[in-house]
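The values are calculated or read from the model by the stated rules, or taken from the named source; none is laboratory data. Because the structure is a prediction, the values reported are computed rather than measured. Don't worry about glycine lacking a Cβ; one is built from the backbone with ideal geometry, like all the others, and counts go over all protein chains shown. We work out accessible area using only protein heavy atoms, side chains counted, and drop any ligands, DNA or RNA first. Shrake-Rupley method; radii C 1.70, N 1.55, O 1.52, S 1.80 Å.
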Amino acid sequence: MPTSLTPPPKDDETECGNCGAYVYQGLMKCPNCGVYLVDPGDTEPEERHSRRPKSRLSLAIESVMRKIRGEPHPAEELFTGAMREAVLFDDLLRKVGGDRSVVERLIEYERKQNPDATRLTCVQNAIRRWEHENR
C-alpha cells in the first residue's frame, strides 16, 4: 500500500530538491521555485559566436535590396496574418454597428461550422455570410 498521496515521478521527471515539484530531466531550473537543478559549472560551456551587430548602413542597404527584389520584411511575414485579421475584424465591427458581442457571436458561429478553421478564416466567412444575408 502506497504511503504517499502524490504519484511517483515519471521516467522523464526528477524531483526538485528545494520544493519537491516534479520537473523534466532536461531543465536547468525548477519552473516552480527557480532553483538550479544542476550546478551551472557542470554543464559544458556553449560556443558563442562573436558577431557584431550590423551597422545602420548595412541594415539600410539590406532594406533597399529587399525592396528592389520585392521581398517582404521578415516582420511583415510574421505579422501579416494578424494585421489582416485585425483589419477584417474592424470591417465586420463597422458593418454590425460597433457591437463587439455580435462580432464575436458571428465568428463563433463560423468556428462551429468549421472547427479546424483559423480565426482569420472564420472572420472572412463571417463577413461573407453577413454581406450575403444583409443585401
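Determine if segment 63-82 includes at least one residue that is open to solvent by less than 90 Å² (accessible area, probe 1.4 Å) and touching a residue at least 24 places away in the same chain (Cβ under 8 Å).
yes
Against the conditions (1) surrounded by 12 or more Cβ atoms within 10 Å (Cβ to Cβ); (2) more than 30 Å from Ala21 (Cα to Cα); (3) at pLDDT below 90, where does Trp130 fall short? Just the number, please.
(3)
Condition first: on the phi > 0 side of the Ramachandran plot and open to solvent by less than 60 Å² (accessible area, probe 1.4 Å). Now tell me which residues in segment 83-114 satisfy that.
Result: Gly98, single match.
What are the residues in segment 83-107 that are of a type outside the set (Phe, Trp, Tyr), in a helix (DSSP H, G or I) and touching a residue at least 12 places away in the same chain (Cβ under 8 Å), if any?
Arg84, Glu85, Leu88, Asp91, Leu92, Lys95, Val103, Leu106, Ile107
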